[in-house]
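*Asks:* Shown below is the structure under consideration.
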């Protein structure tokens, strides 16, 4: 009986092993020995590998590592900045630094402050067609373009604030902004932080305080951000404006404080391409930030801080702008490719 059971187990094992062996043999036979024949149920086969020759041409637009910013064409040095404390120049499109002098030095901003003020005003729900009267509290020693008691539209005060840099216009705008001046200044400092203008600090909205400070590098960036607003851009492009009170009085012509725009400082730049803002208090000296363009619309931003006199800030910006366009080559200009090889 024991022998029978052992024999039965051996037979079962041998039978199972035999079936497994036969299965492996058949799998090998059909996959290797039998030649593949094309049929509808077979997996698709790739065609024979062919050699392909690529021929590049000047029309091919493969990515490369070329820089996208202007490059100097020579080793010329611009040295006529002895009458200013700080200068910073960037290519407006790429932010490439093109000229630097003491650009990290923090200095009083003066009325360049107004660029931040109007940016914050645009963040608030202001009715620009509403009107307001100029109050005694709006005036200061420097405010003479508009007078106490005159009534203006908010939109008129906006233009007067940017074109003629009227402090009383700015104060009236802030007074009607829907927030207190203290809260408004807080918003200015928050916006400066949000824009990455780490050197800038504000204590009031006009620029009369020497505690409104920043460096030339951030001043250039501030103008670039401000000009993204069409409302700011259009006002700064106006060479003159009439202050026309709604409650009577003869309209008074006021001029833009930017002498390059009014051509009081002769220059070769197109008037439509000259957009900037001035600033002056005793502690700051004469400040000026401006965007200029050549005849191919290559745009640069120049920040000049602490010039020794009114004319110097404009002549320095003009001369430096002309020097940049003469001594740098942009990617779309002839000779650029040779400079990067």
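All of the numbers you see were taken from the coordinates with simple rules; none came from a lab. Treat the numbers as computed from the prediction; the structure is a model and nothing was measured. All Cβ positions, glycine included, derive from the backbone under ideal geometry; neighbour counts span all protein chains shown.
*Asks:* Take every Cα pair under 8 Å in segment 83-339 that's 6+ residues apart, average their separations, divide by the length, and report that relative contact order as a whole percent.
*Replies:* Reported as a whole number, the value is 24 percent.
*Asks:* Please report, to two decimal places, log10 I(q)/I(0) for segment 231-341 at q = 0.19, 0.21 Å⁻¹ as given by the Debye formula with identical point scatterers on the Cα atoms and no solvent.
*Replies:* Here log10 of I(q) over I(0) equals -0.99, -1.11.
*Asks:* Of the peptides 313-322, 130-139, 299-308, how do they stack up when ordered by the mean number of other Cβ atoms within 10 Å, highest first?
*Replies:* Descending mean neighbour count gives 299-308, 313-322, 130-139.
*Asks:* Roughly speaking, what is the stretch gain from residue 295 to residue 210, that is 0.36 nm per residue apart minus the C-alpha to C-alpha distance, in nm to one decimal?
*Replies:* Here the segment from residue 295 to residue 210 would lengthen by 26.8 nm.
*Asks:* Hey, another quick one. How far apart, in nm, are the 7 Å Cα→Cβ label points at residue 283 and residue 263?
*Replies:* 3.9 nm
*Asks:* For segment 193-246, what class follows from the C-alpha gyration tensor (a ≥ b ≥ c being the square roots of its eigenvalues): rounded when a/c is under 1.5, otherwise prolate if a/b is larger than b/c, else oblate?
*Replies:* oblate
*Asks:* Contour minus end-to-end for residue 242 and residue 135, with contour as 0.36 nm per residue of separation and end-to-end as the Cα-Cα distance?
*Replies:* The residue 242-residue 135 span can extend by a further 36.5 nm.
*Asks:* For residue 337 and residue 190 in the same chain, what is the full-extension length gain: residue separation times 0.36 nm, less their Cα-Cα distance, in nm?
*Replies:* 48.6 nm
*Asks:* Let's test the formula: R0 of 30 Å, r as the Cβ-Cβ distance of residue 68 and residue 153. What FRET efficiency results, to the nearest 0.05?
*Replies:* 0.10
*Asks:* Let me ask you something else. Between residue 76 and residue 105, what's the calculated FRET efficiency when r is the beta-carbon distance and R0 is 35 Å? Round to 0.05.
*Replies:* E(calc), rounded to 0.05, equals 0.90.
*Asks:* With an 8 Å Cα cut-off and a minimum separation of 6 or more residues, compute the relative contact order for segment 127-221 in percent.
*Replies:* Reported relative contact order: 20 percent.
*Asks:* Additional query: Would you mind putting 332-338, 166-172, 201-207 in packing order, based on average other-beta-carbon counts within 10 Å, highest first?
*Replies:* 166-172, 201-207, 332-338
*Asks:* May I have the convex hull volume per residue, in Å³, for the Cα set of segment 83-339?
*Replies:* 120 Å³
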